[in-house]
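Peer 1: Have a look at the structure that comes next, please.
The values are calculated or read from the model by the stated rules, or taken from the named source; none is laboratory data. Predicted model, so just to flag it, every value in this text is computed and none were measured. Please note: Cβ atoms are built from the backbone with ideal geometry, for glycine as well, and neighbour counts cover all protein chains shown. Remember, those area values only see protein heavy atoms, side chains included, never the ligands or the DNA or RNA. Shrake-Rupley method; radii C 1.70, N 1.55, O 1.52, S 1.80 Å.
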Amino acid sequence: SINDFEELSDVRVYPNPVVGSVLFIENSSNSLIEEVEIYDVVGKKILSSKINNNSVDVSQLTPGVYFVKIYSGQNQVTKKIIKK
């Protein structure tokens, strides 16, 4: 099973709300962030992406509330973002 993990409890997503086309993901621990998935408020997967330079292109998202699942190995953490 996938566990929420303490190593990613220090993950920060910014800017939030997202005004431009780039969402940055910063991890203060040593865990390697491998992938992110973005879901809308009804749980539909909107985007799945590998991390590139600690950022994700969110230009295709329409304004609204989204949930970002951040994966590292068998672990994950979910963060809420707003796209303006």
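Peer 1: In the chain, if the dipole is taken from +1 on Lys/Arg beta carbons and -1 on Asp/Glu beta carbons about the Cα centre, which of L32, P15, Q60 is farthest to the positive end?
Peer 2: Q60
Peer 1: Just by accessible area at a 1.4 angstrom probe, what is the order of D10, D40 from largest to smallest?
Peer 2: D10, D40
Peer 1: Among bridges DSSP assigns within the chain, what percent are antiparallel (round to 5)?
Peer 2: Details: 28 of 31 bridges.
The antiparallel fraction comes to roughly 90 percent.
Peer 1: So I have [x] 52; [y] 57; [z] 46, and one of them is percent of Cα pairs over 16 Å apart calculated from this model. Which one is it?
Peer 2: So the calculated entry is the one marked [z].
Peer 1: With a 1.4 Å probe and all protein chains left in place, how much of the accessible area of the chain comes from carbon and sulfur atoms, in whole percent? Intermediate values should be presented prior to the final figure.
Peer 2: On the way: 2410 of 5100 Å².
Answer for the chain is 47 percent, counting heavy atoms of protein chains only.
Peer 1: Another question about this same structure. To the nearest 0.05, how large is the calculated FRET efficiency for Y14 and E37 if R₀ is 22 Å and r is the Cβ-Cβ distance?
Peer 2: 0.75
Peer 1: Shifting gears a bit: Taking the solvent-accessible surface of protein heavy atoms with a 1.4 Å probe, what is the per residue accessible area of the chain in Å²? It would help to have the intermediate numbers written out before the result.
Peer 2: Details: 5100 Å² over 84 residues.
About 61 Å² of surface per residue is accessible.
Peer 1: Fully extended, how many nm does the chain gain between S49 and V22 (0.36 nm per residue separation, minus their Cα-Cα distance)? Could you put the intermediate results ahead of the total?
Peer 2: On the way: separation 27, 0.36 × 27 = 9.72 nm, distance 1.25 nm.
Difference between extended and current length: 8.5 nm.
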